[in-house]
Amino acid sequence: MTAGIDAHVHLWDRAVDPQDWIDAETMAPIARDFGASDLSEMLASTGLDGAVVVQSSNSLEESIRLAKLDSSAIAGLVAWVDLAAEVGPQLDRIRKDAAVPVVGVRHLAHIDPDPQWMMREEVGAGLTVLERECLCFDLVVREW
């Protein structure tokens, strides 16, 4: 019997992918780098079998790096692609030499400079590609 999967974890090297939203005083437990070894330790301490790694910035390069992490602890990746551009070639770049399957795409709409981003026709076309690829879409928003 399997113990389960953590459906949302972040792995980051803040020198490569800065996390400007982290306030070191109020968010001290996460104001550090997290790698695959940290994930393995967390899974061992919780009894979980694996985790889905989720991108933490609107960055194709970050998604490519995360897809190449070779760890049996990683069950899948929720990546980022520019949904307003050609989605297929971006997914191909992430999947090239990947050790981790892409299971979804996420966009940090709350930091997107376009407040109407979701209403753009080309974003709708990108979402259609995700549907064809059977990928979930994770949208990050804030109450404002």
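Values as computed for the structure displayed
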| item | result |
| --- | --- |
| At most 11 other Cβ within 10 Å, DSSP loop - GluC sites (Glu not before Pro), region 1-88 | 25 |
| Estimated FRET transfer efficiency when R0 is 25 angstrom, pair residue 96-residue 46 (beta carbons, to 0.05) | 0.20 |
| Two-site label geometry, residue 5 and residue 86: point separation in nm, points 7 Å out along Cα→Cβ | 3.0 nm |
| Residue 139 versus residue 36: modelled label distance in nm, points set 7 Å from Cα along the beta carbon direction | 3.4 nm |
| Segments 90-97, 26-33 sorted - mean Cβ within 10 Å per residue, highest first | 90-97, 26-33 |
| Antiparallel content of DSSP bridges confined to the chain, in %, to 5 | 5 percent |
| Answer label for volume of the Cα convex hull per residue in Å³ (calculated), chosen among [x] 102; [y] 262; [z] 132 | [z] |
| Rounded Å value of the spacing that divides the Cα centres of region 57-85 and region 1-43 | 14 Å |
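Quick note: the coordinates plus some simple rules give every number you see, no bench work behind them. Note that the structure is predicted; figures quoted are calculated from it, not measured. Cβ coordinates were reconstructed from backbone atoms using ideal geometry, including for glycine residues, and neighbour counts include every protein chain displayed.
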